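All of the numbers you see were taken from the coordinates with simple rules; none came from a lab. This one's a predicted model, so the numbers in the text were calculated from it and none came from an experiment. We place every Cβ from the backbone using ideal geometry, glycine too, and count neighbours over all the protein chains shown.
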Amino acid sequence: MKRIFQKIALIAISVLGLAMPSFAQEGALVLEAIGSYTTGVFDEGASEIVSYDPDTQNLYIINGSDNTVDVVSIADPSAPTLVTQLDLSEYGEGPTHVVVRDGIMAVSVENGQDAGVVVFANTAGEVLSAVTVGALPDQLIFTPDGTKVLTANEGEPNSDYSIDPEGSVSIIDISGGVETLTDANVTTIGFTDFNEDGARAAELPAEVRIYGPGATVAMDLEPEYVAVSPDSATAYVTLQEANALAVIDIASGSVTAILSLGFKDHSVEGNGLDVSNEDGAIRIENWPVFGMYQPDALVAFEAMGATYLISANEGDTRDYDGYSEEGEVSEMALDETAFPNAADLQAESEMGKLEAMLVDGDTDGDGDYDALYIPGGRSSSIWSADGSLVWDSGDQIEQITAAAYPEEFNSTNDENGSFDDRSDNKGPEPEGVALGTIGENLYAFIGLERIGGVMVYDITDPTAPVFVTYVNNRDFSGDAEAGTAGDLGPEGLFFIPASDSPTGDDLLVVANEISGSTTIYSVLAGM
């Protein structure tokens with residue numbers, strides 16, 4: 001692919017009093033912020049995930065701070081208005097995800113390491129039923145045919161690692177309606193067959209990471225996100241910490257396969273990254289490390305007669321009071337053959353501060369590291385239905401954000417004046433993905449958790465995506481905690497096609513976890 005900056009142009013758009021730069025290909029789509037709903041709550045998860053109902057023209061926003069779903073009217077998107085809140089406190093410790101379809105709202109609620117709950121309500125916020133699912137449901141999705149809801153039950157351990165529930169996926173059959181649902185309508189699928197003594201242990205790829213203290217395979221496979229094929233037959237489940245993907249046959253409620261996603265070689269041209277937060281500079285270069293894709297969000301789509309998956313490769317480590325796998329390269333004993341220049345690499349201004357995995361890389365078992373592995377791909381990827389890598393954005397996201405914000409590159413999301421702060425730890429952290437068809441083209445909108453903003457790619461040809469634009473509604477001159485820094489920490493994205501939009505234009509809605517704000521963008525034809 002040609003270098004992406006050959007045609008990048010700066011478009012300054014004044015929105016809501018902010019100068020909002022957008023970097024785009026000539027004639028590309030333009031994202032213009034037209035309104036924002038703000039809770040005023042900083043860094044408490046007051047706006048995490050968002051869904052939309054075209055009949056009521058309401059947004060449904062996960063508000064972890066209040067343990068509610070906030071129902072917000074965008075009949076006038078320039079002035080979003082809170083309609084009501086669905087209080088979920090009687091169902092658990094906090095909501096994690098919300099989806100709305102055909103007048104029905106489904107909300108996942110976690111309850112510590114105990115079983116979670118999915119609450120079904122109408123779009124007015126009146127509860128209709130609730131059912132039990134696996135531990136720590138983190139995300140849920142309707143199947144395209146509307147007959148089922150699936151949840152990714154992460155099953156994370158508690159802070160001291162004394163309780164480590166098994167990860168699972170629950171399938172809720174709603175074909176008979178949701179008013180009379182009971183736990184009998186729920187099938188929860190675990191991974192015990194892949195345990196060391198299980199019937200399918202031999203099927204587990206060696207590269208799938210199983211390493212938690214005292215953990216079985218079923219404990220260490222922690223579903224993060226579920227995508228469903230367009231024909232509603234197959235679920236694809238990200239197992240983030242394990243750097244793997246589970247494939248599930250929905251009709252039979254069985255695991256078809258567990259697939260390793262492999263590793264990204266950052267020594268290869270086009271896969272560069274900035275590895276130091278101590279050098280005071282932007283240095284996107286090739287380094288002798290391997291990235292673990294470890295996707296968060298995942299979306300299935302059909303193109304050219306086949307099913308594909310697009311992922312946001314955030315990365316995640318197990319970092320608890322009772323156990324942590326994180327370490328800095330400067331503290332690791334590097335094999336002198338594999339790393340003959342170890343002393344230079346371990347300087348803080350080089351790779352010394354880079355966060356790496358302590359449980360991976362000692363390939364010969366002699367106590368030193370023969371290879372270095374880091375969390376996340378700092379990228380978005382497209383995969384085939386069998387888990388093969390079709391395309392990866394390489395170092396484009398860091399390259400684009402560096403060009404857009406050279407003085408704010410790899411900032412963190414909870415304070416301004418944090419240039420280069422995240423270079424040693426997952427960089428921009430691609431987090432969420434939404435897809436939208438505009439005209440005859442399919443676009444991917446990818447949220448960046450740390451520096452903020454949204455990347456847009458044309459993925460009409462999934463084997464050769466094209467960068468379209470990048471927009472960031474953050475004010476780097478403001479005070480994050482005081483609420484004057486604009487949008488911080490995009491978590492959930494939702495595309496509203498023009499046919500469902502209150503304005504008649506395509507819209508993109510972004511829920512920002514740190515700033516507690518939800519912003520509506522018009523998606524307009526290029527200038």
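Given R0 = 41 Å, the distance between the Cβ atoms of residue 336 and residue 82 translates into a calculated FRET efficiency of 0.10. Taken as Cα centroids, region 340-414 and region 164-230 sit 28 Å apart, rounded to the nearest whole angstrom. Its Kirkwood hydrodynamic radius, worked out from the mean inverse distance over all distinct Cα pairs, puts region 303-428 at 16.7 Å.
As a proxy for reagent exposure, ranking 369, 320 by other Cβ atoms within 10 Å from fewest up yields 320, 369. Here is the P(r) of region 395-449: all C-alpha pair distances, binned every 5 Å from 0, give 5, 18, 24, 22, 13, 9, 7, 3, 0 in whole percents. Sequence gap of 8 or more, or different chains, plus Cα separation below 26 Å: how many lysine pairs satisfy both in the chain? Qualifying lysine pairs in the chain: 5. With θ taken as phi - 60° and the Karplus curve 6.51 cos²θ - 1.76 cosθ + 1.60 applied, the whole-hertz 3J(HN,Hα) list for region 51-63 is 10, 8, 10, x, 5, 8, 6, 10, 8, 10, 10, 5, 10 Hz, x standing for glycine and proline. When the alpha carbon coordinates of the chain are projected onto the principal axes, the ranges are 64, 59, 46 Å, largest first. Considering only 418, 384, 369, and ranking their Cα positions along the charge dipole of region 333-460 that arises from unit charges at the beta-carbon of Lys, Arg, Asp and Glu, the one farthest toward the positive end is 384. Rounded to the nearest 20 debye, the dipole size of the chain about its Cα centre is 1960 debye, using +1 on the Cβ of Lys and Arg and -1 on the Cβ of Asp and Glu.
With neighbour counts taken as other beta-carbon atoms within 10 Å, the residues 151, 81 rank, fewest first, as 81, 151. Placing one equal scatterer on every Cα of region 74-141 and applying the Debye formula, the log10 ratio I(q)/I(0) at q = 0.13, 0.20, 0.24 Å⁻¹ is -0.38, -0.79, -1.02.
For region 185-274, the convex hull spanned by the alpha carbon atoms encloses 145 Å³ per residue. Which residues in region 502-527 place their backbone N less than 19 Å from a point set 7 Å from the Cα of residue 479 along the Cα-to-Cβ direction? Inside the label zone: 514-517. Give the Debye-formula value of log10 I(q)/I(0) at each listed q (0.21 Å⁻¹), with one equal scatterer per alpha carbon of region 127-267, two decimals each. Treating every Cα as an identical point scatterer, log10 I(q)/I(0) equals -1.27. Label point of residue 252 set 7 angstrom out along Cα-Cβ; within region 164-202, amide nitrogens under 19 Å from it belong to 169-172, 187-195, 198-202.
Taking the Cα centre of region 127-218 as origin and assigning +1 to Lys and Arg Cβ atoms and -1 to Asp and Glu Cβ atoms, the resulting dipole is close to 180 debye.
Starting from the exponent 0.38 and prefactor 2.2 Å, build the expected Rg for region 187-340 from its residue count and divide its actual Cα Rg by it. My calculation over the Cα atoms of region 187-340 gives 1.21. Helices in the chain, meaning DSSP H runs of at least 4 residues, each add -39500 (n - 2.57). Divided by all residues, the mean residue ellipticity at 222 nm is -500 deg cm²/dmol.
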